[in-house]
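Structure first, then comments.
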Amino acid sequence: MADSRDKLMKARCRVLTIDPWYGSMAAQMLWKLDDRVGTMGVRIMSNGTVECLWSEEFVKDLDIAQIMGVVKHEIEHIVRMHIVRCGSKAPYIWNLATDACINGTKSNPRIEDLPDGGIWMPSNLDRDSTAEEVYSWLMQQVKGKGKCPSCNGKGSTPVDSDGGGGPCDCEAEKAKQIMKGDTIDNHDIWSESTMGEDLARQVVKDMCESASRNAGTTPGHLIGAIEDLREPVVNWKYMLRQFVGRVAGGKRKTYSRINRRSQLFGSKGKSSHASTKLCIFVDTSGSVGDKEIQQFFGEIESMSQYFKIWVIQFDYEFQACDLYHRGDWNRIKIHGRGGTSFINICNWAEENQMIGRANIMLTDGYAQMPASFPAPMIWAMTTDVEAPDWAYGSVRVEV
């Protein structure tokens, strides 16, 4: 294991030296040994972490240059959002199309030193074809090859006397023959991603921008893919609600609702108003304008019908803490308007046990970031200030 881990580290370091942009992207990913993947595979987790799982045997059998090629291949799957773009497409044929899109043609590859047996862009397609274009072409080829002799076009083989037969992978096999190769990595792991497309797009966009700042020039063939990450603009309100629903959502039993299955006295019903506590920290310092405050409370109002919300106002120090009720946006009094300290308010929250199962920081971000926080917190900011490393995630509030 040590030898494989050392080889992977050497390959990543060499990528950082030779192709700094890819190296910077790799440095922002979490690399985890997981032999069940057989090769390498990537996924995006709900905490905002991009993970690359790798197999010891796979890495051991490759040389450093080939490992570098696969590392860059995995990064391109992330940047091009192939992981979350499959939708209702045939998964294996989509897998082939995405690899062809990344690898380019065999005579003019995008990535050097890939392992043998991989997929290349068909010679009759443009080298810059998208994965969707390759998929569409490949599906036409598969459908035009006639019925499979095993299943006669039904998609499954008949059950024989020994209990054999079952699902037929004829279309996948035909596609593999047409492309004259197979995927070099594990795409099944994509389904283990726990982050939706909108949030994933934001996470990857932030990674790309960080790589460009730290490592300089972005690879030319990825400029279009990175531009696509910026459109459409992620709805920050949707992202907040998705975060809260995932971390603090659910239903609770209550006597205030009739049990639909049993209307006997004493049978609890269910309420969609989650019982878990949501703490929202509102920056009311002088640098946050009235328009931003209105946006903050507008979103708090919309979430109040689903969650038990505590609103904590702060500037340089704690200012007010109130249990929010629907309609409070029209009568709540704003306190503060001084300087800003995230450290002081986070310390106050811990000391006073005002930490929710989910926590949101609404701010412009202009203050020193705290070193940690003991519960999931997403930062919603009106500026491009970066959230702390430990944050569950961050969103840009548009005002």
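The values are calculated or read from the model by the stated rules, or taken from the named source; none is laboratory data. Keep in mind it's a predicted model, so treat the numbers as computed, not measured. Neighbour counts are summed over all protein chains in view; Cβ atoms, including those assigned to glycine, are modelled from backbone coordinates with ideal geometry.
You will find that of Ala358, Ala391, the residue that is under 28 Å from Met45 (Cα atoms) and surrounded by 19 or more Cβ atoms within 10 Å (Cβ to Cβ) is Ala358 and no other. Here's a check for you: in the range 22-34, which residue that is over 16 Å from Ser191 (Cα atoms) and in contact with a strand residue (DSSP E or B) (Cβ under 9 Å, 6 or more places away or on another chain) is surrounded by the most Cβ atoms within 10 Å (Cβ to Cβ)? Looking at residues that are over 16 Å from Ser191 (Cα atoms) and in contact with a strand residue (DSSP E or B) (Cβ under 9 Å, 6 or more places away or on another chain), I get Met25. Thr39 fulfils the conditions (1) within 22 Å of the chain's Cα centre (by Cα); (2) closer than 26 Å to Asp206 by Cα except for a single criterion, (2). Taking (1) in contact with a helix residue (DSSP H, G or I) (Cβ under 6 Å, 6 or more places away or on another chain); (2) part of a strand (DSSP E or B); (3) not polar (S, T, N, Q) in turn, Lys308 satisfies each apart from (1). So, in the range 102-134, exactly how many residues are assigned to a helix (DSSP H, G or I), of a type outside the set (S, T, N, Q) and more than 21 Å from the chain's Cα centre (by Cα)? Counting residues in the range 102-134 that are assigned to a helix (DSSP H, G or I), of a type outside the set (S, T, N, Q) and more than 21 Å from the chain's Cα centre (by Cα) gives 2. Checked against (1) touching a strand residue (DSSP E or B) at 6+ places or on another chain (Cβ under 9 Å); (2) surrounded by fewer than 16 Cβ atoms within 10 Å (Cβ to Cβ); (3) in contact (Cβ under 8 Å) with a residue 24 or more places away in the chain, Asp364 meets all criteria but (2).
Does Arg43 count as among the charged types (D, E, K, R), surrounded by 16 or more Cβ atoms within 10 Å (Cβ to Cβ) and touching a strand residue (DSSP E or B) at 6+ places or on another chain (Cβ under 7 Å)? Judged against the criteria, Arg43 is a match. Annotation: Ala97 fulfils all but one of (1) closer than 18 Å to Ser193 by Cα; (2) touching a Phe, Trp or Tyr at 6+ places or on another chain (Cβ under 7 Å); (3) at pLDDT below 95; the unmet one is (1). Scan the range 363-382 for residues that are touching an Asp or Glu at 6+ places or on another chain (Cβ under 6 Å) and at pLDDT 90 or above and jot them down. Passing the criteria: only Thr363. Here is the figure for the range 323-339: residues that are under 19 Å from Gln295 (Cβ atoms) and either among the hydrophobic types (A, V, I, L, M, F, W, C) or at pLDDT 95 or above (or both) total 3.
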